[in-house]
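S.K.: One structure coming up, written as structure tokens, with questions to follow.
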Amino acid sequence: MKINLAGIRQEYTKGGLGESELPDDPLLLFSQWLQEAINAQVNEPTAMIVGTVSPEGQPSTRTVLLKDIHDGKFIFYTNYESRKGKQLAKNPHISLSFVWHPLERQVHIEGTAGKVPAHESDEYFKTRPYKSRIGARISPQSRPIGSRMQLIRSFVTEATQWIGKEIERPQEWGGYAVTPTRIEFWQGRPNRLHDRFLYSLQKDGNWKVERLAP
């Protein structure tokens, strides 16, 4: 079956982004855009494509949920023994991409990731649904398993061990805090003349802002 991909086109008409709308701190604009995506009931507004690099220089991506923005950093949680966790242990450079199609907006972030303090991971872990906490304990994330039934049996076995108890966070599971050094905001515009603004972190701690060609 031949699919005519070249014929798929969409005109972007939802809005624009001008210099006068840009705050000095890109985290302010990001928070505004994220709230607007939530208000617009965009599907999975906190979903972000996380890019890491293997020791061999091979990039890889996956979708993870943003769970907090704290002290200028983007926070997400995962298994430290997963593929991305192992790659970040060797190379902390990371990228995050948010795509909010209904608003015709994208945000692309580059920076470095480091583990959050254990007590912060503990505090967040306690807020997760019961079944999600059990799942985090039994899933050998990113590694091959024999079958789905194997996963289900492990889940049931683990769940019975924590009846009436506070489920402990596994040591291999926790948070990463991403310190951004580059943040690009993209707003779709007609005729493919999109608005793109790049914030680059300077040595003095301030952000430099530039308009990029679409």
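S.K.: Which pairs break 19 Å Cα to Cα here: 67/126; 126/165; 86/203?
M.R.: Over 19 Å apart, Cα to Cα: 86/203.
S.K.: If you build a Gaussian network model of the chain, linking Cα atoms that sit under 10 Å apart, which residue out of 72, 57, 111 swings the most?
M.R.: 57
S.K.: Where in segment 126-213 are there trypsin sites (Lys or Arg not before Pro) that are in a DSSP coil and have at most 13 other Cβ atoms within 10 angstrom of their Cβ?
M.R.: Passing both the DSSP loop test and the Cβ count: 165, 203.
S.K.: Okay, next question. Would you calculate a helix-derived [θ] at 222 nm for the chain, using -39,500 (n - 2.57) for each DSSP H run of n ≥ 4 and dividing by the full residue count, to the nearest 500?
M.R.: The helix contribution divided over the chain gives -8000 deg cm²/dmol.
S.K.: Considering the Cα positions of segment 12-137, please state its Rg to one decimal place and its Dmax as a whole number of Å.
M.R.: 16.1, 48
S.K.: What does the convex hull of the Cα atoms come to per residue for segment 44-85, in Å³?
M.R.: 86
S.K.: I would also like to ask the following. Straight-line reach from residue 2: which lysines have Cα under 26 Å away, leaving out those fewer than 8 places along the same chain?
M.R.: Candidates past the 8-residue exclusion: nothing left.
S.K.: Rounded to the nearest 0.05, what FRET efficiency do residue 62 and residue 112 have when you use their Cβ-Cβ distance and R0 = 25 Å?
M.R.: Efficiency, from the Cβ-Cβ distance: 0.85.
S.K.: Between residue 123 and residue 152, what FRET efficiency comes out of the Förster formula 1/(1 + (r/R0)^6) with R0 = 30 Å and r the beta carbon distance, rounded to 0.05?
M.R.: 0.55
S.K.: Quick one: net charge of residue 26's neighbours, Cβ under 10 Å, K/R +1, D/E -1?
M.R.: -2
S.K.: When the Cα atoms of segment 1-54 are enclosed in a convex hull and the volume is divided per residue, what value in Å³ results?
M.R.: Taking the convex hull of the Cα positions in segment 1-54, it is 215 Å³ per residue.
S.K.: Once the convex hull of the alpha carbons of the chain is built, what does its volume come to per residue, in cubic angstrom?
M.R.: Cα-based convex hull of the chain, divided per residue, equals 183 Å³.
S.K.: Treating only the Cβ atoms of Lys and Arg (+1) and Asp and Glu (-1) as charged, compute the dipole magnitude of segment 1-146 about its Cα centre; round to the nearest 20 debye.
M.R.: For segment 1-146, the charge dipole is close to 1060 debye.
S.K.: Please find, in a Gaussian network model of the chain (springs between Cα atoms separated by less than 10 Å), the residue of 200, 147, 95 whose mean-square fluctuation is greatest.
M.R.: 147
S.K.: Give the Debye-formula value of log10 I(q)/I(0) at each listed q (0.15, 0.22 Å⁻¹), with one equal scatterer per alpha carbon of segment 66-116, two decimals each.
M.R.: For segment 66-116 at q = 0.15, 0.22 Å⁻¹, log10 I(q)/I(0) is -0.48, -0.91.
S.K.: Subtracting the Cα-Cα distance from 0.36 nm times the residue separation, let me have the gained length for residue 212 to residue 93 in nm, one decimal.
M.R.: Between residue 212 and residue 93, full extension yields an extra 40.6 nm.
None of the figures in this text is laboratory data; all of them are computed from the coordinates on show. This structure is a prediction, so every number in the text was calculated from the model and none was measured. All Cβ positions, glycine included, derive from the backbone under ideal geometry; neighbour counts span all protein chains shown.
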